[in-house]
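The values are calculated or read from the model by the stated rules, or taken from the named source; none is laboratory data. Because the structure is a prediction, the values reported are computed rather than measured. Every residue, glycine among them, receives a Cβ derived from its backbone with ideal geometry; neighbour counts consider all protein chains shown.
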Ligand SMILES: [Fe+2]
């Protein structure tokens, strides 16, 4: 699966590119696109757009003109996910994806999605080159901003990405930000990340992981998926509902003490009763910092 935002990067494990004024794109050696020079050049180009965005006084999120190859990857993943999501995703998510106008035929531009999110919950999106350190990533949520990548995973593995890409961001994360309680919860996590000590930050990272990335939610008598890591991976989305995967009611103390490994299928799931509940529990948690 993918990393959320906090992979510890060991320099020797990465191939790097120098692009102009700064080193922009890094790929782990075992990344599906690590040895594809065209892919790496494309990644660098898109990363450079994101880097330049921060120097744009008007802060207009740059559009990416996606290639046929990238559109094919999106179409393939979107179509396969759609079938599983209809059975497994929470109804709020399915409606939000429609409200945002997402289709298999077009990779949405962050600029459009940001405008729509801002209308629903005051959230905005900002492009980023790649993985970001945990505190930097989470603390931006306090300003109701989510950092998003714009590049597309390598075409050789449309079902897999070791890091967040636009498929993960747009299909996995962005629709849920149209929910007011989820948006407020995210902003609380951002505030918490800004004031947390190192141990509290680890615990916040686990809370984020077991909810925002891999959370399940009660829906009437059913259990549905709302975590982005589930909703953007058909293998994870089906796997997590297997009877062999333990599903526990969300308990904050358990969640913040449960470690995770982003490189493997998740061995346990936690179920929240509602986003409002998650928001309130998180508020109390951060009050203790
Ligand atoms: Fe994510």
Inset, instruction - Check whether at least one residue in segment 148-163 is in a helix (DSSP H, G or I) and within 16 Å of the ligand (Cβ to nearest atom), and report yes or no. - result: no
Inset, instruction - Could you look through segment 236-267, keep only residues that are within 13 Å of residue 85 (Cβ to Cβ) and within 16 Å of the ligand (Cβ to nearest atom), and pick out the one that is surrounded by the most Cβ atoms within 10 Å (Cβ to Cβ)? - result: 240
Inset, instruction - Just need a number here: residues in segment 189-199 that are closer than 18 Å to residue 281 by Cβ and touching a helix residue (DSSP H, G or I) at 6+ places or on another chain (Cβ under 7 Å). - result: 6
Inset, instruction - Read through the list (1) more than 13 Å from the ligand (Cβ to nearest atom); (2) within 16 Å of residue 272 (Cβ to Cβ), then give the number of the only condition that residue 186 fails. - result: (1)
Legend entry - residue 170 vs. criteria more than 15 Å from the ligand (Cβ to nearest atom), modelled with pLDDT of 95 or more, assigned to a helix (DSSP H, G or I) and within 30 Å of residue 64 (Cα to Cα): no
Inset, instruction - Quickly run through segment 129-144 and pick out the residues that are away from the ligand (no atom under 15 Å from the Cβ) and either within 21 Å of residue 117 (Cβ to Cβ) or crowded, with 22+ Cβ neighbours inside 10 Å (or both). - result: 129, 139, 142, 143, 144
Inset, instruction - Return yes or no: is residue 105 closer than 23 Å to residue 251 by Cα, more than 16 Å from the ligand (Cβ to nearest atom) and surrounded by fewer than 21 Cβ atoms within 10 Å (Cβ to Cβ)? - result: no
Legend entry - Residue match in segment 192-200 (condition: crowded, with 20+ Cβ neighbours inside 10 Å and not in a helix (DSSP H, G or I)): yes
Inset, instruction - Check segment 252-261 and report whether any residue there is assigned to a loop (DSSP other than H, G, I, E, B), under 19 Å from the mean Cα position of the chain (by Cα), in contact (Cβ under 8 Å) with a residue 24 or more places away in the chain and farther than 17 Å from residue 138 by Cβ. - result: yes
Legend entry - Those residues of segment 65-88 which are under 19 Å from the mean Cα position of the chain (by Cα) and either under 22 Å from residue 126 (Cα atoms) or part of a loop (DSSP other than H, G, I, E, B) (or both), in sequence order: 70, 74
Legend entry - Output for segment 47-79, where each listed residue is surrounded by 15 or more Cβ atoms within 10 Å (Cβ to Cβ) and at pLDDT 95 or above: 64, 66, 70, 71, 73, 74, 75, 76, 77, 78
Legend entry - Residue that is surrounded by the most Cβ atoms within 10 Å (Cβ to Cβ), among those in segment 270-289 that are in a helix (DSSP H, G or I) and touching a residue at least 60 places away in the same chain (Cβ under 8 Å): 278
Inset, instruction - Being surrounded by 14 or more Cβ atoms within 10 Å (Cβ to Cβ) and in contact with a helix residue (DSSP H, G or I) (Cβ under 7 Å, 6 or more places away or on another chain) is the filter; apply it to segment 11-46 and report the residue that is modelled with the lowest pLDDT. - result: 19
